[in-house]
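Single-structure report; data block below.
Values in this text are rule-based calculations from the coordinates and carry no lab data. Quantities reported herein were computed from a predicted structural model and do not represent experimental measurements. Here Cβ is always computed from backbone atoms with ideal geometry, including for glycine, and neighbour counts include all displayed protein chains.
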Amino acid sequence: MFLKLFSLSLIIGFGFLGSALNFEIPTNSELFLMEQAEERVTKKPFGLYVSPSDSPVSPERFSGYHTGVDFEVFEDERDVEISIHAICEGKVRFVDWVSGYGGVLIQDCIFDGLPVTVLYGHLQPSSIPYKIDELLQKNQMIGVLGEGFTRETDGERKHLHLAIHRGEQLEFKGYTFSESGLESWLDPLFLF
Ligand SMILES: [Zn+2]
């Protein structure tokens with residue numbers, strides 16, 4: 001079994017050697033979502049309840065429990081390109097413009113042996129070079145943040161909404177009406 005796998009990997013390895021040389025993607029390396037990721041979670045952590053009358057963000061047009069984590073940009077980054085990188089290895093499931101987010105990429109991943117979908121929201125649509133079924137490596141760049149208060153972010157401030165939904169089904173909800181609805185999601189900060 002081991003020998004079979006070994007020779008198979010050799011064949012695959014040689015077959016893809018040419019193209020593999022063009023990409024320098026470290027595997028098994030520390031997670032790199034974006035520069036200073038942890039310092040950016042300052043407004044909307046996972047599970048926070050918001051409404052138009054009570055939110056750390058103003059104006060707020062959503063209500064419910066936050067299904068993801070928001071990573072903010074710093075004051076001097078309004079006009080700076082902020083690159084976003086995949087948090088795991090897995091195929092692209094969805095790329096398009098979505099109401100409430102602007103540019104969105106959703107990726108299939110496996111955590112602890114269980115399938116999840118990972119949603120990256122408020123990306124600049126034209127910066128995402130991938131199509132459905134393309135395999136992304138962990139830490140591979142997937143695009144840059146969309147410009148705030150434009151169609152790229154569907155009118156939201158410049159930031160990343162990162163959400164991990166349990167199972168293989170695509171789910172776009174940024175908020176759930178009930179707190180128990182959060183059980184279908186994971187707090188992405190467990191990765192950091
Ligand atoms: Zn969010």
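Brief remarks follow.
- Taking the fewest neighbouring Cβ atoms within 10 Å as the starting point, the ordered list for Lys158, Lys91 is Lys91, Lys158.
- Within straight-line reach of Lys91, meaning a Cα separation under 21 Å, sit the following lysines at least 8 residues removed in sequence or on another chain: Lys131, Lys138, Lys173.
- The label point for Phe111 and the one for Lys91, both projected 7 Å from the Cα toward the Cβ, are 2.1 nm apart.
- Where labels lie 7 Å past Cα in the beta-carbon direction, separation of Leu189 and Ser51 in nm: 2.4
- Residue-span extension gain [Gln140 to Glu179] - 0.36 nm each, minus C-alpha spacing: 10.7 nm
- Working from the Cα coordinates of the chain, the gyration tensor eigenvalues give, after taking √(5λ), semi-axes of 32, 19, 14 Å in decreasing order.
- Once the Cα-Cα distance is subtracted from the 0.36 nm per residue extended length, the Leu170 to Arg61 segment shows a gain of 36.9 nm.
- Among 145-152, 34-41, 47-54, sorting by the average number of other beta carbon atoms lying within 10 angstrom of each residue, highest first, gives 145-152, 34-41, 47-54.
- In degrees, nearest ten, helix 2-15 long axis to first principal axis of the chain (Cα): 80
- For segment 57-137, the convex hull spanned by the alpha carbon atoms encloses 127 Å³ per residue.
- GluC sites (Glu not before Pro) lying in DSSP loop within segment 56-107, provided at most 15 other Cβ fall within 10 Å: Glu60, Glu81
- Applying the Karplus relation 6.51 cos²θ - 1.76 cosθ + 1.60 with θ = phi - 60° to segment 163-177 yields 3J(HN,Hα) values of 9, 10, 9, 5, x, 9, 6, 5, 9, 10, 4, x, 9, 10, 6 Hz, where x marks Gly and Pro.
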